[in-house]
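Nothing in this text is a laboratory measurement; each read-out follows from the coordinates by a stated rule. Note that this is a predicted model, so its numbers are computed, not measured. Cβ atoms come from the backbone with ideal geometry, glycine included; neighbour counts cover every protein chain shown.
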Amino acid sequence: MSTLPKENEWHEGNEQDVSRISNCYCPNCEGGNATTVMLPTKVPLFREIIIMTLTCPDCSFRNSEVTFGGEIQERGQRITLSVTSPDDLNRQLVKSDSATFAIPSIEFEIPPTTQRGTISTIEGVLRRAIDNLEKSQPERLRLGDVDNFHRCRAVIEKLRVMAGENSVNSGGEEDNDNNSVQAQFEAYDIILDDPAGNSFIENPYAPESDPQMQY
């Protein structure tokens, strides 16, 4: 099993850096046959991270998280990005355990306890949020929480649009034209607030500053 790199030895991970731990505890079925895979890697223009995935053959449970290696950050960071086109949805995003992800225009927030240590894209974070909200919708109806059901449904629809999902045209069919999606896209801001300073949004203009991002 590989060990974590030392100081300047961190680099982009590959198959030789993968560590596997067998007979791990599964939080879903509470069995002991799960496997944890760990990969230390370095995100360009960011820092060292450790990607961990747990899979259980007994109940098919799967969970992925990101933790951080290397030096401890001296201060927190608040990143505001103006998402102005569907292309911005492909930006890589790292959300640490301590970070809050927010979209002020729709008063939507993913607190630190939700979507723990995650490496994804902006679109990936939005779609995971949609999935999490949708999973609880039947339970809200079962409990008679109709007002909250409708509030969540409205947020889900807004998140779908923000995630670049194709709109429905007047004929009732999805509009798959890329130019149409671009024309219908409305800009919005996202905020990644991390008191530990371990979160990151990709800057495609690097090493130049990003005109859409504020720190």
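How high is the FRET efficiency between Val43 and Glu165 when r is their beta carbon distance and R₀ equals 30 Å, given to the nearest 0.05?
Between Val43 and Glu165 the formula returns 0.65.
Return the long-range amide H neighbours of Asp189 (sequence gap of 5 or more, or a different chain), with a cut-off of under 5 Å between placed amide H atoms.
Here the answer is Val83, Ser105, since their amide H atoms fall under 5 Å of that of Asp189.
Per 0.36 nm of contour for each residue apart, how much would the distance between Leu143 and Ser60 grow if the chain were fully extended, relative to their Cα-Cα spacing?
Stretched fully, the Leu143-Ser60 segment lengthens by 27.0 nm.
Label segment 73-170 by shape, choosing from rounded, prolate and oblate, from the square roots a ≥ b ≥ c of the eigenvalues of the Cα gyration tensor; if a/c is under 1.5 it is rounded, and otherwise prolate applies when a/b is larger than b/c, oblate when it is not.
Oblate.
Sorted by mean Cβ packing within 10 Å, highest first, what order do the peptides 141-149, 188-196 take?
Order by mean packing, descending: 188-196, 141-149.
Can you give the FRET efficiency for Glu186 and Ser136, using 1/(1 + (r/R0)^6), R0 = 35 Å, r = Cβ-Cβ distance, to the nearest 0.05?
Once the sixth-power term is evaluated, E becomes 0.85.
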